[in-house]
Amino acid sequence: MFIDTRVVTVFDAKGIAGFRIEWVFDDMFTAMIIEDFDADYDLLFSSSEIKDIEGNAFSNLRNFHYFSYVSWDGGEYDGKRVSDFSASIQSEGLLVYRFFIPCRITVGKENKTVKIWIYDDSYYCDVGFAIERPVAFENDEGFRASYEIGQDKDITYYYGQISPQVLKLTVGMKNG
């Protein structure tokens with residue numbers, strides 16, 4: 001299974017409120033989910049179909065940290081909570097999951113580095129950042145925010161053969 005990831009960092013008055021995650025799946029997994037959950041095959045998921053997908057093809061990822069790891073000085077995401085799950089078929093015909101990771105990170109005037117890894121350490125799912133528009137910022141008017149994506153050679157999985165990509169955010173308050 002192949003998953004392209006996009007991350008939107010959502011700010012509020014105190015700093016980072018969390019991350020809106022978007023996963024775009026490959027055509028094989030898309031076909032399986034449509035076959036299993038789109039009861040009327042209209043390529044539009046009703047609210048009951050989305051609830052069924054969440055319960056039977058998403059919520060188990062809690063046992064795998066939702067493939068999402070976030071750390072910063074003094075904290076890390078516990079991997080147990082997400083909210084606002086949705087599923088849809090995009091115009092290109094591929095399945096999209098969207099969900100929110102609530103992850104409070106207070107930001108001051110000094111720059112803070114936040115690292116985000118999104119990967120499946122069993123390597124059953126090949127998860128990577130999307131080539132186009134992998135990162136965006138929301139409500140960031142009062143903050144400085146930049147990012148870079150690279151391989152994290154300090155972490156390996158799949159018998160030490162694979163290093164995940166890491167999204168490094170640098171954030172700080174504009175005024176203060």
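What follows is calculated from the coordinates using simple rules that are stated; it is not laboratory data. None of these values were measured; they are calculated from a predicted model. Here the Cβ is made from the backbone with ideal geometry for all residues, glycine too, and neighbour counts use every protein chain on show.
Computed quantities for the displayed model
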read-out	value
Hits in segment 42-62 - residues which are part of a loop (DSSP other than H, G, I, E, B) and either over 22 Å from S122 (Cα atoms) or touching a Leu at 6+ places or on another chain (Cβ under 9 Å) (or both)	D42, L43, L44, F45, S46
Residue among D126, D120, D140, D152 that alone is of a type in the set (D, E, K, R) and touching a helix residue (DSSP H, G or I) at 6+ places or on another chain (Cβ under 8 Å)	D120
Residue match in segment 78-91 (condition: surrounded by 13 or more Cβ atoms within 10 Å (Cβ to Cβ), under 25 Å from I162 (Cα atoms) and of a type in the set (S, T, Y))	no
Count of segment 41-77 residues which are within 16 Å of L95 (Cα to Cα) and among the acidic types (D, E)	4
Some residue of segment 115-135 being of a type in the set (F, W, Y), touching a residue at least 60 places away in the same chain (Cβ under 8 Å) and loosely packed, with under 14 Cβ neighbours inside 10 Å	yes
In segment 150-176, the residues that are without any contact (Cβ under 8 Å) to a residue 24 or more places away in the chain, assigned to a loop (DSSP other than H, G, I, E, B) and on the phi < 0 side of the Ramachandran plot	K153, D154, T156, Q161, S163
Segment 23-36 - residue that is touching a residue at least 12 places away in the same chain (Cβ under 8 Å) and surrounded by fewer than 19 Cβ atoms within 10 Å (Cβ to Cβ) and, of those, farthest from A136 (Cα to Cα)	D36
F99 being more than 19 Å from V171 (Cα to Cα), buried (at least 18 other Cβ atoms within 10 Å of the Cβ) and either out of contact with any strand residue (DSSP E or B) (no Cβ under 8 Å at 6 or more places or on another chain) or touching a residue at least 24 places away in the same chain (Cβ under 8 Å) (or both)	yes
Total residues in segment 62-117, condition within 21 Å of F37 (Cα to Cα) and not aliphatic (A, V, I, L, M)	14
Where A39 falls short, out of the listed (1) assigned to a loop (DSSP other than H, G, I, E, B); (2) surrounded by 19 or more Cβ atoms within 10 Å (Cβ to Cβ); (3) of a type outside the set (D, E, K, R)	(2)
Test: residue in segment 63-79 that is of a type in the set (S, T, N, Q) and in a helix (DSSP H, G or I)	yes
Every residue from segment 62-77 that is within 16 Å of W117 (Cβ to Cβ), surrounded by fewer than 18 Cβ atoms within 10 Å (Cβ to Cβ) and of a type in the set (S, T, N, Q)	S71
